[in-house]
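Enquirer: Below is one structure. I have some questions about it.
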Amino acid sequence: MSIPSPRGEREKLITALTPKLRRHLKIRAFEHGMDIQDATEHAIKAWYTAAEVPEVATDGAKTWGTFLPEGEPDAFKAACTERGVTYVKGLAQALTLWLDAHPSPTSPLTAQPVVRVIVANQKGGVGKTFISSGIAQALAEGGRKVLIVDYDPQGHLTSELGFEDLMYEDDVETLLMHMDGTAKGDIHDLLVALDHERFGERLHLLPASDDAFMRDVALSKVSFSEAALERSLEPLENEYDVIIIDGPPSLGLNMDTALYYVRRREGELADRSGVITPVWANKASHRAFRLLKSQMEDLCKKGRVQVDYLGLVVNAYDSRRGKLVKENKDEWEKSSSPPVLAVIGDLKEGREAADGEIPLLEYAPDSEHAQAMRDLAKELAV
């Protein structure tokens with residue numbers, strides 16, 4: 001597989017990485033103002049000439065791929081064969097050498113916009129709200145300032161965080177009014193803060209509103225509607241490290257505006273902002289993923305933009321549900337583009353927190369669910 005690139009023809013190298021090494025590579029590349037594929041290219045070239053290579057554990061490595069200059073994937077594989085190591089081991093050695101040679105600088109070398117992520121899947125019930133809220137909580141707990149936007153007209157996120165009454169207030173401006181240009185006030189007035197000490201006043205919510213079901217119709221009358229969400233949120237961007245969108249359960253203009261918002265902006269590094277998709281280990285999720293990916297590709301082609309797929313999350317997995325469930329999970333894990341970021345079990349804490357209208361990390365901070373959210377938060381180059 002070869003793709004044209006401003007840097008010349010590039011071919012895909014498909015191998016595997018441990019989640020820990022993948023996270024470290026992504027963050028360190030960002031800190032040094034590099035794309036992941038450039039960092040990998042430099043790492044492999046240094047590995048060819050290294051006098052000594054480290055011993056690196058590769059247990060738990062998952063399918064992963066990146067693009068290298070034409071001919072380099074075959075050259076790398078030949079070098080691995082000559083050295084008597086697997087492709088997975090060779091890549092792990094190369095990236096570990098690169099990480100050792102490129103420690104974290106005191107600050108990123110490339111100025112970047114706010115990180116923007118949409119958790120998207122038009123299929124209902126796969127855990128968009130659970131993943132959106134959990135990642136946002138984990139980032140805020142870790143010291144980042146986070147805005148989470150409830151972009152789902154059903155308002156599950158708003159209600160599960162204890163703000164359902166806000167969706168039905170009269171004579172209050174809404175996100176849609178800021179998007180269609182009818183708002184007169186400041187969008188800051190829509191925000192509410194989660195006041196739990198754990199989040200240190202760093203986690204804010206832009207609630208859903210009951211007019212959101214009309215968003216597709218309203219946006220059809222707005223000039224350059226794809227940028228409507230971006231125009232609305234622009235006044236907030238300088239105040240946050242990360243903005244997370246809990247995506248709508250449908251395709252159409254509503255989804256296009258959110259996908260356009262997380263596109264890679266001019267000068268922004270690859271795989272920094274973009275899309276995370278929760279899925280289940282069943283065929284229906286595979287079909288839904290293909291539909292969403294098709295819409296993304298159509299938007300990118302027609303709008304001449306790039307939307308990065310950050311990864312998939314296999315949610316509510318339970319191997320006891322049978323052979324087909326495991327086979328579907330295994331099929332997801334073969335994906336290298338986008339990669340599977342996590343497989344999260346069908347545990348009770350998430351449901352209990354939602355029913356009690358308490359943030360998960362406040363309700364069950366030491367649970368497996370809470371730790372999964374912290375691990376997912378580490379996937380973002382923030």
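No value in this document is a laboratory result; all are computed from the given coordinates. Computed from a prediction, not measured in an experiment: that's the story for all the values here. We place every Cβ from the backbone using ideal geometry, glycine too, and count neighbours over all the protein chains shown.
Enquirer: Could you list the GluC sites (Glu not before Pro) in segment 45-110 that lie in coil according to DSSP, counting only those with at most 13 other Cβ atoms within 10 Å of their Cβ?
Expert: Those satisfying the criteria are Glu52, Glu55.
Enquirer: Taking the Cα centre of segment 258-373 as origin and charging only Cβ (+1 Lys, Arg; -1 Asp, Glu), how large is the dipole, in debye to the nearest 20?
Expert: Value, rounded to 20: 800 debye.
Enquirer: Hey, another quick one. For Lys323, give me every one of the lysines with a C-alpha distance below 20 angstrom, ignoring sequence neighbours fewer than eight places off in its own chain.
Expert: Cross-link targets: Lys283, Lys334.
Enquirer: Here is a further query. Could you check which residue among Val242, Val53, Val126 shows the biggest mean-square fluctuation in a GNM of the chain with a 10 Å Cα cutoff?
Expert: Of Val242, Val53, Val126, the Gaussian network model singles out Val53 as fluctuating most.
Enquirer: As a quick test, which of the pairs Lys89/Lys326; Lys123/Lys378; Lys123/Lys348; Lys26/Lys293 have an alpha carbon distance above 24 angstrom in this structure?
Expert: Pairs exceeding 24 Å: Lys89/Lys326; Lys123/Lys378.
Enquirer: Testing the spin-label approximation: label points 7 Å from Cα along Cα→Cβ at Arg351 and Glu234. State their distance in nm.
Expert: So the two model labels end up 4.5 nm from each other.
Enquirer: If you fit an axis through the alpha-carbon atoms of helix 87-101 and take the longest principal axis of the Cα set of the chain, what angle between them do you get, 0 to 90°, nearest 10?
Expert: Tilt of helix 87-101: around 80 degrees.
Enquirer: Here's another thing I want to ask about it. Looking at the chain only, what percent of DSSP beta bridges run antiparallel? Nearest 5 please.
Expert: If I count the DSSP bridges inside the chain, around 35 percent turn out antiparallel.
Enquirer: Can I ask one more? Of the beta bridges DSSP finds with both residues in segment 132-256, what % are antiparallel, to the nearest 5?
Expert: Approximately 20 percent, going by the DSSP bridge assignments.
Enquirer: For the chain, take the longest principal axis of its alpha carbons; what is the angle in degrees between that and the long axis of helix 128-141, to the nearest 10 within 0 to 90?
Expert: The angle comes out at about 80 degrees.
Enquirer: Angle, helix 72-83 long axis vs. longest principal axis of the chain, Cα atoms, 0 to 90°, nearest 10?
Expert: 50 degrees
Enquirer: Same structure, new question: Can you bin segment 72-145 into rounded, prolate or oblate? Criterion: square roots of the alpha carbon gyration tensor eigenvalues sorted a ≥ b ≥ c, rounded for a/c under 1.5, prolate for a/b above b/c, oblate for the rest.
Expert: Oblate, since a/c reaches 1.5 and b/c is not below a/b.
Enquirer: Compute, for segment 242-283, the length of the dipole vector about the Cα centre, with Cβ point charges of +1 (Lys, Arg) and -1 (Asp, Glu) only. Units Debye, rounded to 20.
Expert: Result for segment 242-283 is approximately 100 debye, rounded to the nearest 20.
Enquirer: Another question, then. By the gyration tensor of its Cα atoms, with a ≥ b ≥ c the square roots of the eigenvalues, what is the shape of segment 47-86: rounded for a/c under 1.5, prolate for a/b over b/c, or oblate?
Expert: Numbers: a/c = 1.84, a/b = 1.08, b/c = 1.70.
Judged from the Cα gyration tensor, segment 47-86 comes out oblate (a/c at least 1.5, b/c at or above a/b).
Enquirer: To continue, here is another question. Given Asn315, Ala258, Leu91, which one lies farthest toward the positive end of the charge dipole of the chain, if we put +1 on the Cβ of every Lys and Arg and -1 on the Cβ of every Asp and Glu?
Expert: Leu91
Enquirer: Which of Ile14, His102, Trp280 sits closest to the plus end of the dipole of the chain, meaning its Cα is farthest towards the positive end, when Lys and Arg get +1 and Asp and Glu get -1 on the C-beta?
Expert: Farthest towards the positive pole: Ile14.
Enquirer: Cα centroid distance between segment 164-206 and segment 111-133, in Å?
Expert: 18 Å
Enquirer: Across segment 155-163, in residue order, what do the Karplus-derived ³J(HN,Hα) couplings come to in whole Hz, using 6.51 cos²θ - 1.76 cosθ + 1.60 with θ = phi - 60° and x for Gly and Pro?
Expert: Taking θ as phi minus 60°, the curve returns x, 4, 4, 4, 6, 5, 9, x, 10 Hz for segment 155-163.
Enquirer: Here's a follow-up. Based on the Cβ-Cβ distance of Ser294 and Val172, what FRET efficiency does E = 1/(1 + (r/R0)^6) give at R0 = 41 Å, to the nearest 0.05?
Expert: On the way: r = 37 Å, r/R0 = 0.90.
Step by step, r from the Cβ atoms, then E = 0.65.
Enquirer: About the Cα centre of segment 5-131, how large is the charge dipole given +1 on each Lys and Arg Cβ and -1 on each Asp and Glu Cβ? Please answer in debye to the nearest 20.
Expert: Working: 16 positive and 14 negative charges, 148 e Å.
Here the size comes out at about 700 debye.
Enquirer: May I pose another question? With an 8 Å Cα cut-off and a minimum separation of 6 or more residues, compute the relative contact order for the chain in percent.
Expert: For the chain, the relative contact order is 20 percent.
Enquirer: Using the Cα gyration tensor of segment 269-362, with a ≥ b ≥ c the square roots of its eigenvalues, what is the shape: rounded (a/c below 1.5), prolate (a/b larger than b/c) or oblate (neither)?
Expert: Working: a/c = 2.32, a/b = 1.41, b/c = 1.64.
Oblate.
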